[in-house]
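Colleague: Have a look at the structure that comes next, please.
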Amino acid sequence: MKNLHLKSILTLTAISATLSISSLYADQKIGTLNVTVVDENGAVVQDAPIYIYGEHKTHFVGGKEIPGTTTLSMQAGEYRISTALIKRTGDYVDRFASHEAHIQVVEGDNTSVILTLLPIQEPAAQMDYAEVMKIGVPGEIARNF
């Protein structure tokens, strides 16, 4: 009799735990987000880091290095997502960044975004001799800009 009573308690406990876990996940509204990162020519960029923030940038949701394209399960809501990349070639450093996409992940739905990495121009490369002189760069150095 004690054995039967113990089995009943264990069974009820297991059922209760299963229902609790089920209700926990039922409260979460999950959707999927498919992210693809490409360069300015449309080629997939391998291992680009993506950055995901809440819509008002009040909190960082996460970042992840992706193999060019990936699908993430996410809480339904509004997000900002972008990517940036630095490539070193010998003594040269090239910087790339994408636009910031404003997306909405919908429960049970798939949201897709393509982030295009574009070259970032060096601020000094955009300055002429007069501008460089105004900020106080010595004349000989300013001529080399």
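Values quoted throughout were computed directly from the atomic coordinates according to the rules given, and no laboratory measurement underlies them. Not measured: the values here are computed from a predicted model. Here the Cβ positions follow ideal geometry from the backbone for every residue, glycine too, while neighbour counts run over all protein chains shown.
Colleague: E78 is checked against (1) touching an Asp or Glu at 6+ places or on another chain (Cβ under 6 Å); (2) under 19 Å from V38 (Cα atoms) and fails just one. What number does that condition carry?
Modeller: Condition not satisfied by E78: (2).
Colleague: Could you please find all residues in region 62-83 being of a type in the set (D, E) and under 12 Å from the mean Cα position of the chain (by Cα)?
Modeller: The initial filter retains those residues of region 62-83 that are of a type in the set (D, E), namely 65, 78.
The one that is of a type in the set (D, E) and under 12 Å from the mean Cα position of the chain (by Cα): E65.
Colleague: So which strands (runs of 3 or more DSSP E) stay within region 29-98 end to end and still have 1 or more residues that are exposed (fewer than 13 other Cβ atoms within 10 Å of the Cβ) and without any contact (Cβ under 8 Å) to a residue 60 or more places away in the chain? Lay out the reasoning, then the answer.
Modeller: Details: elements: 30-38, 48-54, 60-66, 69-75, 77-89, 92-97.
Per the criteria, 60-66, 69-75, 77-89, 92-97.
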